[in-house]
Structures are given as structure tokens and as C-alpha cells.
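Visitor: Let me give you the structure first, and then I'll get to my questions.
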Amino acid sequence: MMTRETAFNIVIALLLLAAPIAANYAGETFYVTLATRIAILSLAAVGLNIALGLGGLVSFGHAAFFGVGGYAAGILASHAFAGTPLIFGLPGTQQMPVIWIVAVLFGGFAAFLIGLITLRTAGVYFIMITLAFAQMIFYFAISWPAYGGEDGLPIYVRNQFPGLNTLNPLSYFLLCYALLGLALLLFRLLADSRFGAALQATRQNDVRVASVGIPPYRVRLIAFTISGMFTALAGALFADLNRFVSPSMLSWQMSGELIVLIILGGVGRLFGPVVGAALYVLLEFWLGGITERWQFFLGLILLGVVLFARGGVIGLVAGRARHG
Amino acid sequence: MAEAILAIDELVKNFGALRATDHVTLDLKPGEIHALIGPNGAGKTTLISQIAGTIRPDRGRISFDGRDVGALSVAQRARLGLGRTFQVSSLALEFSALRNVMLAVQAVSGSSFRFFRPVMRDRSLIEPAMAALERAGLAERANVTVAELSHGERRQVEIAIALAMKSKAFLLDEPMAGMGPEGSSRLTGFLDGLREEAPILLVEHDMNAVFALADRISVLVYGRVIATGTVDEIRSDPEVRRAYLGDEA
Amino acid sequence: MTLALFLEQLLNGLQFGVMLFLMAAGLTLIFGVMGLINLAHGSLYMVGAFACAVVAAWTGSFWLGLVASMAAAAAAGAIIELAVIRRLYARDHLDQVLATFALILIMSEGTRWLFGSVPLYLDIPPLLQGTVPLPGGSRYQLYRLAIIGVGVAVAVGLYLLISKTRLGMRIRAGENDREMIAALGVDVATLYTLVFALGAALAGLAGAMVGAIQSVQVGMGEPVLILAFVVIVIGGIGSIRGALIGAVLVGVTDTMGRFLLPQMLTLFLPPSQAALIGGAVASMLIYLLMAVVLAVRPRGLFPAQA
């Protein structure tokens with residue numbers, strides 16, 4: 001039996017695939033880029049959804065991992081482009097699969113280190129400290145001139161994927177879409193697994209989790225690390241989309257945006273991040289076309305969602321019940 | 001006499017100026033129900049929490065199954081076989097009763113750090129969990145979300161979790177609370193048989209149940225154990241009568 | 001490095017710390033009493049700075065601007081509290097974060113709408129334009145000393161307010177037991193609006209005073225807000241004393257780190273590299289400080305509730 005939520009998810013997934021393909025054949029590649037942006041931001045938010053949606057960890061610092069992924073792509077590409085070795089004589093690379101692995105590893109490592117400290121705390125402390133650590137990395141990126149400092153780091157030619165012309169907007173979209181699909185699949189498996197059960201239980205009642213013999217801190221730390229990995233992968237894709245990495249990927253606004261995406265779509269829902277990202281990007285595009293002051297109206301809409309439409313869009317469509 | 005499975009030695013806990021646990025020494029032997037009674041505020045839950053590990057004592061020793069558990073975390077003690085139920089039900093509210101119990105099964109039956117196999121198709125989790133719910137008398141409500149269960153039913157989920165943990169000792173903090181007379185008498189019968197499986201340290205206000213069940217009773221007043229003995233010894237103990245009749249008559 | 005330079009940097013750190021205290025005091029008070037995390041506190045700082053700049057330009061008096069900054073920020077705070085914030089007290093922190101994030105967007109863009117994107121400038125009032133001599137021969141800006149003085153005065157004032165007045169008693173009671181003070185007949189809703197407006201006024205004052213040293217522009221509040229978070233995490237959320245000590249610690253560590261680290265590194269590295277690495281590490285110093293404090297005391301130096 002298919003629930004309304006599943007049906008809705010399938011429609012969204014098909015729309016996100018069909019719209020850019022149609023746009024591409026109509027010659028409107030701008031919309032393909034817009035859809036790519038949606039897919040990448042969705043992926044970043046799927047990562048955050050592991051920590052925030054499943055684990056109830058309100059991380060206001062996920063831009064850190066997004067940025068780490070972005071800089072991994074930028075730094076590797078810049079060394080490959082300039083032909084200079086990275087460190088220990090290792091060369092840079094323009095191969096996306098290698099870049100992704102490096103981005104995921106560093107994103108995971110950063111999340112592990114930050115989680116190690118921040119997960120000792122909870123509630124408001126956790127929010128503020130994740131924000132602070134992301135800000136630390138932000139300031140480091142600004143004050144470290146080797147990779148562009150405040151000005152950011154350009155990627156002169158988009159990195160390559162074997163057998164694919166990544167410069168073709170539709171090809172790059174399909175690549176990002178496939179990775180998003182994989183991430184959603186992994187999210188679903190994770191949510192339904194033993195680990196997912198333990199993680200969702202720590203959100204609801206960590207004393208109970210500890211009392212049956214499962215250590216909540218370790219569960220959260222692993223979840224936070226995995227969460228950072230997903231978001232870092234998205235960061236690497238984002239860098240390649242814009243062919244540019246800058247400290248703005250690490251900014252607190254970016255962290256806030258990622259949270260906003262999830263809330264718009266629906267916290268803890270499989271497709272929450274996708275719906276949220278689509279809504280956010282389209283809203284930004286649509287409002288931006290009407291008024292220069294689109295952020296003002298975006299703020300009003302957000303405020304309305306928080307105060308009056310709890311549960312996000314999927315909550316409105318599928319009712320308030322969470323899966324789990 | 002058999003070796004105690006749980007032994008508490010000279011435990012002390014202060015909250016500011018209040019001494020919540022005052023040099024408490026007691027133990028739990030295989031096959032027995034040891035009831036802990038005392039007026040409200042006597043420090044019973046504080047004591048249970050120290051045994052389970054949610055509160056750290058200031059002084060004293062807790063040993064379980066032959067080892068000192070004082071430095072272990074809540075989760076580590078639980079994995080050694082200390083099964084606790086809470087005075088105020090403490091469950092994952094958005095999960096069904098079954099999923100709450102399954103969590104306990106997965107905790108004892110191996111690792112919680114498995115990332116792919118869906119739990120809702122995992123018979124090695126579902127079957128033991130259903131069996132525990134069955135024994136706790138809640139099988140037909142297994143798929144109801146805990147948030148929708150009554151207080152009494154939540155107590156049953158707590159019991160089922162303790163069962164599913166295959167505990168070597170149970171710490172039951174007022175399991176009868178909010179159950180109603182019928183439920184209480186059913187639970188009394190159930191606990192009577194449970195002691196064969198693992199001994200029970202029972203905190204309870206329902207004196208009928210305590211007198212019907214307990215092999216030994218310890219009376220806690222202002223954080224101090226004023227008497228330990230059989231039901232008859234406690235009934236006739238002058239200090240207990242003074243503490244209780246002064247308090248509740 | 002001369003003694004005078006060292007003293008000057010130390011005073012700069014102190015001045016920075018004092019400014020952070022004004023921000024942190026409001027945040028920590030609002031969290032302690034209402035349990036609310038307010039991201040829009042930086043916007044109130046901005047409102048204060050703009051109000052001061054506009055009124056000072058209009059009347060020619062910095063002092064009137066200063067009064068206006070506190071009045072405008074307090075009024076903005078009260079309006080926000082009445083319209084939005086009070087619906088959030090019973091919500092979880094996620095909703096609070098999101099709603100106050102939305103408020104930042106609205107207030108930042110609204111301010112840009114009204115005043116444009118070009119920064120405004122605010123002159124230091126003539127009375128405070130001079131310098132005072134420092135031991136060691138150099139001179140220090142009187143205005144910065146005045147900021148330190150204001151911060152100390154506010155700290156003393158808050159201490160007196162909270163420990164000696166009826167309002168303070170209610171604030172303390174509100175931190176301990178919300179239901180109880182409501183049951184005792186205290187008008188909790190009004191109390192909350194007052195506390196929020198008070199916190200906003202302090203943020204506005206900070207924004208106005210700093211506006212005369214830096215420029216007044218949209219987005220000036222948020223970096224300070226995040227530093228104020230670091231301050232109250234170090235000091236212990238809900239504690240005014242913790243906010244004061246945390247603020248001075250952060251202000252001095254940051255300023256002295258940027259000043260001393262590159263110089264210290266020249267002992268081991270060539271000057272250009274020392275400046276580079278020293279600068280980068282210095283920018284992370286306060287966060288490392290926070291990590292160390294948390295590792296030792298997860299609830300901060302002065303946890304408000306035992």
C-alpha cells in the first residue's frame with residue numbers, strides 16, 4: 001500500500017527530473033542550472049536531516065561541512081590546474097570521484113572533531129557551539145590567504161567525471177540528481193536500520209536509550225559524522241556548479257539556510273530536504289524577479305511557516321504523523 | 001545463603017544541604033524480591049538512580065554481579081544486566097510499544113551500530129519483543145504509539161523492556177503507580193513469578209503488593225535505612241511504626 | 001614591543017570585551033528568564049546603530065543619538081516580543097532559531113530598504129574626541145575609555161537592578177520557577193516584554209557606541225551576535241556575572257592574540273609567514289578557548305542553575 005507521502009515523494013522526484021530535461025530541450029539551460037542547485041542543496045540538507053531530523057540535533061554549523069567539501073574540490077582542482085603538488089608531493093586532481101572521496105573524508109573528519117566537543121552539550125548550548133565552530137572555520141578561511149582568503153578560489157574548468165561531459169549542464173544535473181537519489185536511499189536505509197532506531201530514540205528520550213544499554217553519545221557522534229559527510233559531498237558539487245569556492249559557503253547564513261530548507265519541507269521526512277530546497281530556490285528566483293527586496297518577503301514567509309504551518313509542506317500534504 | 005548479585009555499601013549522596021542518601025547499605029540476592037519502602041521524599045528514587053547510574057553518589061560502593069560498577073555509565077550498567085523501570089514512565093513517545101521493546105532487544109542481542117537492514121523486517125528483533133510484550137500483557141496494543149497509551153499501559157511497556165533486556169536484576173520504581181486495582185493484582189501475580197528469573201529491587205507504595213511479594217523489606221526514611229527484615233519483622237519493628245504512624249496516620 | 005603598545009592593545013581588548021558584554025548580558029538574561037534563544041539580537045544592535053546615526057545627523061547631537069539608539073532598540077525589541085517572540089516561548093529551540101532567523105532577514109532587508117546599502121558614519125562627540133596619556137609615552141583614545149566606563153556602569157547597574165529592586169526579584173524568580181511567579185499574581189507577560197526590551201536597549205547602546213568607531217551598516221550585528229554566543233557559552237548561560245567575565249576573557253584573548261601571536265611566531269619563522277600563520281591562528285583563538293572551557297566545564301564557568 002502506498003501512503004500519500006510516498007506518492008507525493010514520487011511525484012516530486014519525477015518533477016525534479018523531468019523539468020530540467022524539458023528545459024534543456026527547450027534551450028533554457030538556465031533552468032537546468034536552477035534544478036542542479038536544487039538537487040545539490042537537497043543533498044546538503046539530506047545530510048543535515050540525519051542529525052536534525054532523525055537525531056534532533058539542531059546543528060547551526062553545517063555550513064562548516066558544506067564549505068569543507070567545497071574547499072576540498074577547489075583546492076584539489078587548483079593544484080591540478082597549476083600543476084603544483086598539494087602536500088607530501090601528492091598531486092591535485094580534477095577527477096570528481098577522487099574529489100568526492102576526499103571531500104567526504106574531510107567533511108566526516110571535521111564533523112567528528114566538532115561533534116566530539118559539541119555533543120557533550122545539549123539544547124541551546126549545542127546550537128550556539130555548532131554555530132561558533134562553523135564561524136571559526138569561516139574566519140580561518142578568510143584569514144588564510146593561500147587559497148584566496150576573503151576573495152575565494154575559482155575553479156577555472158569544471159572537474160571531470162569519467163565518460164561524461166560535465167560542462168554540459170544537463171549531464172552535470174543528472175550526475176547531481178543521481179547522487180541525490182543515492183543519498184536519499186542511504187538516508188532511508190539508515191532511518192530504518194538498528195542504528196536509525198537508536199538514533200531516533202535518542203531524540204525522543206536519551207535516558208531510556210541509555211537505560212536499555214545503548215550509549216547515546218556514541219550514537220549521536222556517529223550520526224553527526226555521517227551527516228557531515230553527506231553535506232560535504234554536496235559542498236564539492238556546489239563548488240563545481242559555481243566553479244567557485246568562497247568563505248560564503250562557510251557562513252552562518254548558509255547554516256541557517258540549510259535548517260530552513262528542512263523546516264520548509266518537513267523535519268525528519270525523507271523528502272523534506274528536497275521539497276524544502278525546491279521551494280526555497282524557486283521562491284528566491286520568483287521573489288527575486290519581482291522585487292530586489294526578496295529577502296524581506298522570504299523572511300515573512302518563513303515566519304509564517306514557523307508560526308502557523310508546523311510540519312512543513314509534507315506535513316500539510318501527508319498529515320502530521322511521522323514515519324517511525 | 002546465596003551470594004548477593006547487587007550490593008550497595010555505605011552510599012552517600014548530598015544535594016546541597018540535603019542528604020538524600022545517608023550511608024545506605026543493602027543488597028539483593030538471587031531469587032528474592034527486596035522491597036524498598038518509605039515515606040515520600042525518603043530518597044528511594046534517588047537511590048535507584050544511583051544504582052542505575054543516572055546520578056553519581058558522593059561516596060560509597062555499588063557492586064553488581066561481582067564487579068564494582070561505580071565508574072560505569074548508565075548504558076554500560078544496563079548491558080551488564082541491570083534492568084530499570086522508571087517511576088514516571090520514560091519511553092520513546094513517538095515509537096510504538098513494539099519499537100520501544102525492540103530497542104531493548106537490539107541492545108542485548110548485539111550491536112546497535114548496524115546501518116542497513118531494516119528493523120521492521122528483522123524477526124530476530126520482533127519476535128523476542130513481541131514475546132516480552134505478551135508476558136507483560138500488552139501484545140494486542142503492540143503497534144500503538146506510546147503517546148496514545150494510557151499510563152497503566154506505559155507501565156506495562158516499561159516492564160516488557162526490562163524483560164526483553166534479559167536482566168540479571170530488576171530495579172522497579174513504583175511499577176504499580178497509575179495501574180488501577182485490577183492491573184495491580186495482575187502485576188503482583190506476574191512479579192511473584194518473575195523473581196525466579198531475576199531478583200527484583202522493588203520500590204512501591206502499594207503496601208498490599210509489598211506485603212504479598214517481598215521476601216525482605218528495607219525501610220528508608222530521610223535517606224537512611226532504619227530497618228531491614230522480613231515482612232513480619234518490619235510490621236512489628238517499633239522504629240518503623242513510629243516513622244510510618246507518625247507520618248501517615 | 002613597548003609597554004605603551006601592550007597597554008593600548010590590552011585596553012582595546014577590554015573595550016571590545018565590554019561591548020560584547022552589552023550584547024551578551026541581554027542574550028543571557030532573555031535565555032535565563034524566558035528560555036529563548038534569540039538570533040535577532042544582532043539586528044537590535046544594528047537598529048541601535050542606525051537610530052543613533054540618523055538622529056545624530058539630524059540633530060547634530062551624538063548624545064541625543066545615543067538616547068535614540070536605546071529607545072529605538074527597546075521599542076523594536078518590545079514590538080518583536082509582542083508580535084512574534086511571545087508565541088515562541090512554549091516552542092522548541094528549533095522553532096525559536098528559525099523564527100528569529102526569519103526576523104534577521106526581515107530586519108536586515110528592511111533596514112537596507114530604508115537606508116540603502118551605503119554605510120553611514122557616525123562621529124565621535126567633540127567632548128570625547130581627545131586622547132589621554134598612557135604610561136610609556138603613547139596616548140589612548142578618550143572615546144574608547146568612555147566605552148569601557150559605560151560598560152562598567154552598565155554591569156554595576158544590572159547588578160543593582162537584579163539584586164536590589166522589585167523588578168530584579170521578579171526576574172530572578174522567573175529564572176527559577178515560571179509557574180510559581182505566575183501563581184503569585186505577577187504579570188508574567190509584561191515582565192517578559194520588559195526583560196526583552198531591556199536586553200534590546202543594551203544591544204542598541206552597544207551598536208551605537210561601536211558605530212562611532214566602525215561604520216554603521218546592515219549585517220554589522222551578526223558577527224557580534226555569534227561572539228556574544230561564545231561569551232555566554234564560556235560564562236554559563238543565564239549568568240550575568242558569567243557574561244561579564246566571559247566577555248572580558250573573549251575580548252582580551254581575541255585582541256591580544258591578534259597582536260601577540262604573529263610577534264611570538266617571528267621567533268621561529270620568517271616575518272611574512274609569522275604574520276600569516278599568526279593571523280590565521282589568532283582568528284581561531286577564542287573558539288579554541290571556548291572548546292577548552294567546555295571540555296573542562298560543559299555548562300560554562302558560572303552555570304546559572306546548579
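All of the numbers you see were taken from the coordinates with simple rules; none came from a lab. Because the structure is predicted, anything quoted here is derived from the model rather than measured. So basically every Cβ, Gly included, is an ideal-geometry build from the backbone, and we count neighbours across all protein chains shown.
Visitor: Roughly what angle does helix C:240-265 make with the longest principal axis of chain C, taking Cα atoms, 0 to 90 degrees, to the nearest 10?
Guide: The angle comes out near 20 degrees.
Visitor: Would you work out if the stretch C:90-230 is rounded, prolate or oblate? Take a ≥ b ≥ c from the square roots of the eigenvalues of the alpha-carbon gyration tensor; rounded if a/c is under 1.5, else prolate when a/b is larger than b/c, oblate otherwise.
Guide: Values: a/c = 2.76, a/b = 1.39, b/c = 1.99.
Oblate, because a/c is 1.5 or more while a/b does not exceed b/c.
Visitor: Here is a further query. By the scheme Lys and Arg +1, Asp and Glu -1, what is the net charge of all other residues having a beta-carbon under 14 Å from that of B:Gly189? List each step's numbers first, then the result.
Guide: Numbers: positive: B:Arg135, B:Arg186, B:Arg195; negative: B:Glu182, B:Asp192, B:Glu196, B:Asp206.
For residues surrounding B:Gly189, the net value is -1.
Visitor: Below 8 Å between Cα atoms, with a sequence gap of 6+, how large is the relative contact order for the stretch C:1-158 in percent? Please list the in-between numbers first.
Guide: On the way: 136 pairs, mean separation 51.7, N = 158.
About 33 percent, as a whole number.
Visitor: Can you tell me the equivalent ellipsoid semi-axes for the stretch A:191-324? Use √(5λ) from the Cα gyration tensor, largest first, whole Å. Walk me through the numbers before you get to the answer.
Guide: Numbers: eigenvalues 190, 85, 30 Å².
Result for the stretch A:191-324: semi-axes of 31, 21, 12 Å.
Visitor: For the stretch C:54-69, take each phi angle, set θ = phi - 60°, evaluate the Karplus expression 6.51 cos²θ - 1.76 cosθ + 1.60, and give the result in whole Hz per residue in order, putting x for glycine and proline.
Guide: With coefficients 6.51, -1.76 and 1.60, one gets 5, 5, 5, 5, 6, 9, x, 10, 4, 5, 5, x, 5, 4, 4, 4 Hz.
Visitor: For the stretch C:3-218, what is one quarter of the convex hull surface built on the Cα atoms, given in nm²?
Guide: Details: hull surface 53.0 nm².
About 13.2 nm², averaged over all directions.
Visitor: Calculate how steeply helix C:166-176 sits against the longest principal axis of the alpha-carbon atoms of chain C, using the helix alpha-carbon long axis, and give the answer as 0 to 90 degrees to the nearest 10.
Guide: 90
Visitor: At 7 Å along Cα-to-Cβ for each site, give me the label-to-label distance between B:Asp58 and B:Phe15 in nm.
Guide: Output for this residue pair reads 1.4 nm.
Visitor: Give me, ordered by chain and number, the residues 5 or more places off B:Ala35 or on other chains with an amide H under 5 Å from its own placed amide H.
Guide: Those qualifying (amide H under 5 Å, at least 5 residues apart or on another chain) are B:Leu202, B:Asp215, B:Arg216, B:Ile217, B:Ser218.
Visitor: Still on this structure, please answer the following. Tell me the Rg and the Dmax, in Å, that the Cα atoms of chain B produce.
Guide: 18.2, 61
Visitor: Moving to a separate point now. About the Cα centre, and with charges only on the beta carbon of Lys, Arg (+1) and Asp, Glu (-1), how big is the dipole of the protein assembly as shown? Nearest 20 debye, please.
Guide: Numbers: 60 positive and 54 negative charges, 141 e Å.
Dipole size: approximately 680 debye.
Visitor: Indicate the helices, whole DSSP H runs only, in chain A that combine a mean Kyte-Doolittle hydropathy of 0.5 or more with a Cα extent along their long axis of 18 angstrom or more.
Guide: A:4-25, A:29-49, A:63-82, A:96-118, A:123-143, A:169-192, A:216-242, A:252-265, A:272-290, A:294-308
Visitor: Among C:Asp177, B:Asp27, what is the fewest-to-most ranking by other Cβ atoms within 10 Å? Mind showing how you got there, number by number?
Guide: Values: C:Asp177 11, B:Asp27 19.
Result, fewest neighbours first: C:Asp177, B:Asp27.
Visitor: Shielding of A:297-305 by partners, i.e. mean partner chain Cβ atoms within 10 Å per residue? Present the calculation step by step, with values, prior to reporting the outcome.
Guide: Values: counts 3, 4, 11, 4, 2, 7, 10, 2, 3.
Across A:297-305, the average partner-chain Cβ count within 10 Å equals 5.
Visitor: Could you work out the per residue convex hull volume over the alpha carbons of the protein assembly as shown, in cubic angstrom? Please list the in-between numbers first.
Guide: Values: hull volume 174.3 nm³, N = 879.
Convex hull of Cα atoms, per residue: 198 Å³.
Visitor: If neighbour count is taken as other Cβ atoms inside 10 Å, put A:Thr118, B:Thr188, C:Thr111 in order from fewest to most.
Guide: Details: A:Thr118 27, B:Thr188 19, C:Thr111 22.
If I rank by nearby Cβ atoms, fewest first, I get B:Thr188, C:Thr111, A:Thr118.
Visitor: Which value at 222 nm does the protein assembly as shown reach when only helices count, each DSSP H run of 4 or more adding -39,500 (n - 2.57), with the total divided by all residues and rounded to the nearest 500 deg cm²/dmol? Walk me through the intermediate numbers first.
Guide: Values: 33 runs with 552 residues, N = 879.
Calculated mean residue ellipticity at 222 nm is -21000 deg cm²/dmol.
Visitor: Bin width 5 Å, origin at 0, all Cα-Cα pairs of the stretch A:10-160: what percent of pairs per bin?
Guide: Pairs per bin, as whole percents: 2, 8, 13, 17, 17, 15, 13, 9, 4, 1, 0.
Visitor: Let me ask another. Within a 10 angstrom radius of the beta carbon, how do A:Phe285, A:Phe244 rank from fewest other beta carbons to most? Write down the numbers at each step before the final one.
Guide: On the way: A:Phe285 14, A:Phe244 18.
By the 10 Å Cβ count, ascending, the order reads A:Phe285, A:Phe244.
Visitor: Rounded, prolate or oblate, given the Cα gyration tensor of the stretch B:173-249, with a/c below 1.5 counting as rounded? Display every interim value, and only then the final one.
Guide: On the way: a/c = 2.10, a/b = 1.55, b/c = 1.36.
Taking the square roots of the gyration eigenvalues as a ≥ b ≥ c, the stretch B:173-249 is prolate.
Visitor: Kindly provide log₁₀ I(q)/I(0) values, in the same order as q = 0.13 Å⁻¹, from the Debye equation applied to equal alpha-carbon scatterers of the stretch A:4-318.
Guide: Ignoring solvent entirely, the Cα scatterers give -0.94.
Visitor: With Cβ to Cβ distances under 10 Å as the rule, what net charge do the other residues near A:Asn159 carry (K, R +1; D, E -1)?
Guide: Details: positive: A:Arg158, A:Arg243; negative: A:Asp240.
Result for the neighbourhood of A:Asn159: +1.
Visitor: Over its Cα atoms, what ratio of radius of gyration to 2.2 N^0.38 Å does the stretch B:90-166 give?
Guide: So the Cα radius of gyration is 1.00 times the expected 2.2 N^0.38 Å.
Visitor: In addition: Antiparallel versus total DSSP beta bridges in the protein assembly as shown: what percent is that, nearest 5? Please report the intermediate quantities before stating the final value.
Guide: Values: 28 of 45 bridges.
For the protein assembly as shown, the DSSP antiparallel bridge percentage is about 60.
Visitor: For the stretch B:134-181, what does the alpha-carbon gyration tensor say about shape, rounded, prolate or oblate, given a ≥ b ≥ c as the root eigenvalues, a/c under 1.5 as rounded, and a/b over b/c as prolate?
Guide: On the way: a/c = 2.05, a/b = 1.25, b/c = 1.64.
It comes out oblate by the Cα gyration axes.
Visitor: Using the Kirkwood radius over Cα pairs, work out the Stokes-Einstein diffusion coefficient for the stretch A:1-65 at 25 °C and 0.890 mPa s, in µm²/s as a whole number.
Guide: Details: Rh = 13.8 Å.
For the chosen part, D equals 178 µm²/s.
Visitor: Another question about this same structure. Over the Cα atoms of the stretch B:1-121, what is the Rg over Rh ratio if Rh follows Kirkwood?
Guide: On the way: Rg = 16.8 Å, Rh = 16.4 Å.
That ratio equals 1.02.
Visitor: Also: Please give the helix C:271-296 orientation as an angle from the longest Cα principal axis of chain C, in degrees from 0 to 90, rounded to the nearest 10.
Guide: The answer is roughly 30 degrees.
Visitor: For the stretch A:79-132, which chymotrypsin sites (Phe, Trp or Tyr not before Pro) are in a loop by DSSP, counting at most 16 other Cβ atoms within 10 Å?
Guide: Qualifying residues, ordered by number: A:Phe88.
Visitor: Rounded to the nearest 5, what is the percent of antiparallel bridges among the DSSP beta bridges in chain B?
Guide: Working: 20 of 36 bridges.
So the antiparallel bridges amount to about 55 percent of the total.
Visitor: Determine the sum of side-chain charges near B:Ala177: Lys and Arg each +1, Asp and Glu each -1, restricted to other residues whose C-beta is under 9 angstrom from that of B:Ala177. If you can, show how the numbers build up before the last one.
Guide: Numbers: positive: B:Arg155; negative: B:Asp173, B:Glu174, B:Glu204, B:Asp206.
Once all neighbours under 9 Å are counted, the net charge is -3.
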